[in-house]
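The values are calculated or read from the model by the stated rules, or taken from the named source; none is laboratory data. Keep in mind that this is a model prediction, so the values were computed, not measured. Positions of Cβ are generated from backbone atoms using ideal geometry, with glycine treated the same way; all protein chains shown enter the neighbour counts. The area values use the complete protein model at the heavy-atom level, side chains included, leaving out ligands, DNA and RNA. Shrake-Rupley method; radii C 1.70, N 1.55, O 1.52, S 1.80 Å.
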Amino acid sequence: MIKIEGTKASKGIVVGPAFRPDQQQESEFVEGSIIVTEMTTPDDVPLMVKCGGIVTFNGSILCHAAIVSRELGIPCVVAVPDAVGIRPNSQVTVNGDEGTVEYE
């Protein structure tokens, strides 16, 4: 497992398959997936309400992903530039309590 660090944005711990919107079609999304992306926008909300957690390469505790994650009660870690190495469908653990992400 590879462990990388970012900024804690929303508490909780979740494990699930990575969904990379930049590399996968929306039809490949599975409920409970971990969205791994550069950043989120309001257009991403329909997937965000179905996901298990969110990891973004950029952002802060006041970015869109962080705010929506807290509202939805799902774990989120932002400002994780090393997350670009996470491949689609990789098993990902998002630890919003510690601000860490682990993946295979």
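Can you tell me which residue within region 56-85, out of those that are of a type in the set (A, V, I, L, M, F, W, C) and touching a Phe, Trp or Tyr at 6+ places or on another chain (Cβ under 9 Å), is most open to solvent (accessible area, probe 1.4 Å)?
Looking at residues that are of a type in the set (A, V, I, L, M, F, W, C) and touching a Phe, Trp or Tyr at 6+ places or on another chain (Cβ under 9 Å), I get Val84.
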Restricting to region 5-17, count the residues that are open to solvent by less than 80 Å² (accessible area, probe 1.4 Å) and under 18 Å from Ile61 (Cβ atoms). 5
Can you tell me how many residues within region 46-55 are open to solvent by 70 Å² or more (accessible area, probe 1.4 Å) and in contact with a Pro (Cβ under 8 Å, 6 or more places away or on another chain)? 0
Of the candidates Asp97, Asp43, the one satisfying the condition of being within 21 Å of Ile2 (Cα to Cα) and loosely packed, with under 15 Cβ neighbours inside 10 Å is Asp97
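Looking at region 18-36, which of its residues are buried (at least 17 other Cβ atoms within 10 Å of the Cβ) and either touching a Pro at 6+ places or on another chain (Cβ under 8 Å) or modelled with pLDDT under 95 (or both)?
Ala18, Phe19, Arg20, Ser33, Ile34, Ile35
Could you list all residues from region 71-89 that are assigned to a loop (DSSP other than H, G, I, E, B), under 14 Å from Val14 (Cβ atoms) and touching a strand residue (DSSP E or B) at 6+ places or on another chain (Cβ under 6 Å)?
Ile74, Pro75
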